[in-house]
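One structure is given here, and the rest of the page talks about it.
The values are calculated or read from the model by the stated rules, or taken from the named source; none is laboratory data. Because the structure is predicted, anything quoted here is derived from the model rather than measured. Quick reminder, even Gly has a Cβ in these numbers, built from the backbone with ideal geometry, and neighbours come from all protein chains shown. Heavy atoms of the whole protein, side chains included, go into the accessibility calculation; ligands, DNA and RNA do not. Shrake-Rupley method; radii C 1.70, N 1.55, O 1.52, S 1.80 Å.
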Amino acid sequence: MPVNDAASLARGFRVQHREGEDCTTVECFGRLTSENVPLLKDAMREACGRKGRIVLDLKEVPMMDSAGLGAVVTLHVSARTRGCQLEVVNASKQILELFSIANVLSLFESTGRCGGKLM
């Protein structure tokens, strides 16, 4: 079910989620920047209430700024607090470099080894 609002579409960013048997997949489309973080957080909050495993698919996210990085890390911590597991998959080279520079890559590396593809 797509989660859209006029303001986010105008900025070229959208989020949609799909329910699977064992997880909810949250797909992002567009640049994950400070102005788009609230939309991602809303979608993730909703997903965390449904399943214990959430897959954040960044395949269609060409660029992420520091606010986007902060949001993903905050969502990781929030998911763990709620008993959920957040996996990040299909991160671009730019996003992987950002995670590495911020020294948070280790939070998500294990998900790449456990079936998801961080890269």
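Quick one: in the stretch 54-85, which of the residues that are of a type in the set (Ser, Thr, Tyr) and under 10 Å from residue 44 (Cβ atoms) is least open to solvent (accessible area, probe 1.4 Å)?
78
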Can you pull out the residues in the stretch 86-110 that are more than 23 Å from residue 29 (Cβ to Cβ) and open to solvent by 70 Å² or more (accessible area, probe 1.4 Å)?
101, 103, 106, 109
Counting only residues that are at pLDDT below 85, give me the helices (runs of 4 or more DSSP H) lying completely in the chain with at least 3 of them.
6-10, 37-48, 105-113
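Give me a count of the residues in the stretch 15-55 that are of a type in the set (A, V, I, L, M), closer than 18 Å to residue 85 by Cα and in contact with a Cys (Cβ under 7 Å, 6 or more places away or on another chain). Steps first, answer last, please.
Pass one, the stretch 15-55, residues of a type in the set (A, V, I, L, M): 15, 26, 32, 37, 39-40, 43-44, 47, 54-55.
Still in the list and also closer than 18 Å to residue 85 by Cα: 26, 40, 43-44, 47, 54-55.
Now restrict to residues that are in contact with a Cys (Cβ under 7 Å, 6 or more places away or on another chain): 40, 54-55.
The number of residues fulfilling the criteria is 3.
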